[in-house]
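Only one structure is covered here, and it is reproduced in the block below.
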Amino acid sequence: MSDQLRPRAVGTESTADPWLPTFVEVIRIEPEIRKVRTFELAAPADFSFRPGQFNMLYLPGYGEAAISISSSPDTPASIAHTIRLAGNVTRAIFSLEPGSPIGLRGPFGSHWPVDTYRGWNVVIAAGGIGLAPLRPAIEHVMANRELYGRVAVVYGARSPKDLLYRASFAKWEHAGIEVLVTVDFGDDHWSGPIGVVPTLLEQLPWIGAHTTVWSCGPEIMMRFTAQRAVAQGASPDHVYLSLERNMNCALGFCGHCQFGPTFVCKEGPVYPLPRIQPFLFVEDF
Ligand SMILES: Cc1cc2nc3c(=O)[nH]c(=O)nc-3n(C[C@H](O)[C@H](O)[C@H](O)COP(=O)(O)OP(=O)(O)OC[C@H]3O[C@@H](n4cnc5c(N)ncnc54)[C@H](O)[C@@H]3O)c2cc1C
């Protein structure tokens with residue numbers, strides 16, 4: 001291993017320059033679903049983040065990719081990233097093994113408003129791998145369950161074998177979170193709902209003015225989830241969506257992730273619905 005690639009001892013360098021990656025070690029790799037793995041990394045010194053933020057992961061010779069942090073903010077020694085094999089960078093990351101070095105810049109971006117909505121009902125709505133950036137929020141709510149009202153995770157995937165973090169659903173339910181799951185196509189073992197995420201909201205009659213919705217997934221899914229929640233009495237002001245856009249510098253300079261008048265890397269990825277609604281959806285609510 002070249003010195004350039006060798007992980008520097010945690011705590012021996014400053015992470016103050018947001019352009020410079022810190023090299024950390026891959027601790028563990030967990031296969032999740034087809035083409036999706038979770039990479040647990042040693043956290044740089046004094047690393048902390050808010051649920052919903054992302055890092056830029058870097059491999060020399062391949063480049064950088066924006067990847068959300070998918071672990072709990074309360075376990076700062078290691079940070080997880082759940083990654084779908086997509087292209088050049090993610091393919092190179094999939095070739096790593098425990099002990100491999102990887103460059104990391106971050107954390108970047110806005111976060112789920114977990115502190116703002118203490119005492120409120122919370123609907124966490126995810127589609128596909130969109131559950132990954134929401135998992136830190138779920139873990140945070142779970143660890144502080146008494147601070148929130150009714151809490152539900154509504155989640156949909158293409159098929160049962162595409163459900164992320166399936167082994168955690170029982171743990172979330174045990175902590176007093178309602179977990180509603182649907183798939184587009186069932187299999188011989190599936191006895192749950194078949195359909196799209198927004199329809200699950202109908203099973204939550206408590207959604208109303210004192211409910212906040214945090215959603216990540218395909219934009220069509222977020223659109224109809226937000227519409228459904230608003231129809232059931234939630235205010236658009238309390239609906240938050242996380243957007244993905246092609247990202248390069250993550251510092252608001254390059255403009256690759258421009259969305260309407262905003263840069264997703266700086267003002268997003270988590271936006272209050274009214275801020276992005278004019279650029280995201282054609283019709284009004
Ligand atoms: C804020 C934010 C958070 C994110 N969080 C996550 C996360 O938690 N997990 C995750 O997996 N991803 C996440 N992403 C998405 C991730 O950054 C992108 O998928 C990234 O582009 C992957 O880099 P890559 O080099 O592997 O793929 P790229 O090469 O950039 O490819 C990206 C897409 O382009 C397609 N593509 C690539 N090459 C070609 C080609 N030659 N011809 C046609 N199509 C092509 C691929 O099929 C793929 O869908 C996030 C993005 C943002 C902005």
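Within segment 69-79, how many residues are away from the ligand (no atom under 13 Å from the Cβ), of a type in the set (Ser, Thr, Tyr) and part of a loop (DSSP other than H, G, I, E, B)? So the count comes out to 2.
Among the listed residues THR182, THR212, identify the single one that is closer than 25 Å to LYS35 by Cβ, polar (S, T, N, Q), modelled with pLDDT of 95 or more and not assigned by TED's automatic domain parsing to the domain that holds PHE54. Explain how you work it out, then say what you get.
Working: THR212 fails: closer than 25 Å to LYS35 by Cβ.
The unique qualifying residue is THR182.
Name every residue in segment 123-132 that is under 19 Å from GLU40 (Cβ atoms) and either open to solvent by less than 10 Å² (accessible area, probe 1.4 Å) or free of Cβ contacts under 8 Å to residues at least 12 places away in the same chain (or both), in order of residue number. Steps first, answer last, please.
Here is the first cut: in segment 123-132, the ones under 19 Å from GLU40 (Cβ atoms) are 129, 131-132.
Those that are under 19 Å from GLU40 (Cβ atoms) and either open to solvent by less than 10 Å² (accessible area, probe 1.4 Å) or free of Cβ contacts under 8 Å to residues at least 12 places away in the same chain (or both): LEU131, ALA132.
Quick one: in segment 226-246, which of the residues that are hydroxyl-bearing (Ser, Thr, Tyr) and crowded, with 23+ Cβ neighbours inside 10 Å is farthest from the ligand (Cβ to nearest atom)?
The first filter runs over segment 226-246 and keeps only residues hydroxyl-bearing (Ser, Thr, Tyr), leaving 235, 240, 242.
Okay, now just the ones that are also crowded, with 23+ Cβ neighbours inside 10 Å, so 240, 242.
Working: TYR240: 14, SER242: 7 Å.
Applying the filter and picking the extreme gives TYR240.
Would you check if ILE207 is over 21 Å from SER235 (Cα atoms), in the same structural domain as HIS238 (by TED's automatic domain parsing) and surrounded by 14 or more Cβ atoms within 10 Å (Cβ to Cβ)? So that I can check it myself, show each step before the final result.
On the way: over 21 Å from SER235 (Cα atoms): no; in the same structural domain as HIS238 (by TED's automatic domain parsing): yes; surrounded by 14 or more Cβ atoms within 10 Å (Cβ to Cβ): yes.
Against the criterion (over 21 Å from SER235 (Cα atoms), in the same structural domain as HIS238 (by TED's automatic domain parsing) and surrounded by 14 or more Cβ atoms within 10 Å (Cβ to Cβ)), ILE207 does not qualify.
If you go through segment 80-110 and keep only what is within 12 Å of the ligand (Cβ to nearest atom), within 19 Å of SER48 (Cβ to Cβ) and not in a loop (DSSP other than H, G, I, E, B), you end up with ALA80, HIS81, GLY106, PRO107, PHE108.
For segment 247-275, residues that are more than 13 Å from the ligand (Cβ to nearest atom) and touching a Leu at 6+ places or on another chain (Cβ under 7 Å) total 1. Applying the set (1) on the phi > 0 side of the Ramachandran plot; (2) open to solvent by less than 40 Å² (accessible area, probe 1.4 Å) to ALA137 leaves exactly one unmet item: (1).
Identify the residue in segment 261-273 that is open to solvent by less than 30 Å² (accessible area, probe 1.4 Å) and in a loop (DSSP other than H, G, I, E, B) and, among all such residues, is nearest to GLY128 (Cα to Cα).
Narrowing segment 261-273 to residues open to solvent by less than 30 Å² (accessible area, probe 1.4 Å): 262, 264-265, 268-271, 273.
Checking which are in a loop (DSSP other than H, G, I, E, B) leaves us with 264-265, 268-269.
Numbers: VAL264: 20, CYS265: 22, GLY268: 20, PRO269: 17 Å.
My answer is PRO269.
Restricting segment 57-90 to residues that are touching a residue at least 60 places away in the same chain (Cβ under 8 Å) and within 12 Å of the chain's Cα centre (by Cα), which is nearest to PHE263 (Cα to Cα)? That would be ALA66.
Quick check on this structure: which one of SER191, SER215 is under 17 Å from the mean Cα position of the chain (by Cα) and of a type in the set (S, T, N, Q)?
Numbers: SER191 fails: under 17 Å from the mean Cα position of the chain (by Cα).
Result of the check over SER191, SER215: SER215.
The values are calculated or read from the model by the stated rules, or taken from the named source; none is laboratory data. Keep in mind the model is a prediction, meaning the values are calculated, not measured. Because the Cβ atoms are built from the backbone with ideal geometry, glycine has one as well, and the counts that use them run over all protein chains shown. We work out accessible area using only protein heavy atoms, side chains counted, and drop any ligands, DNA or RNA first. Shrake-Rupley method; radii C 1.70, N 1.55, O 1.52, S 1.80 Å.
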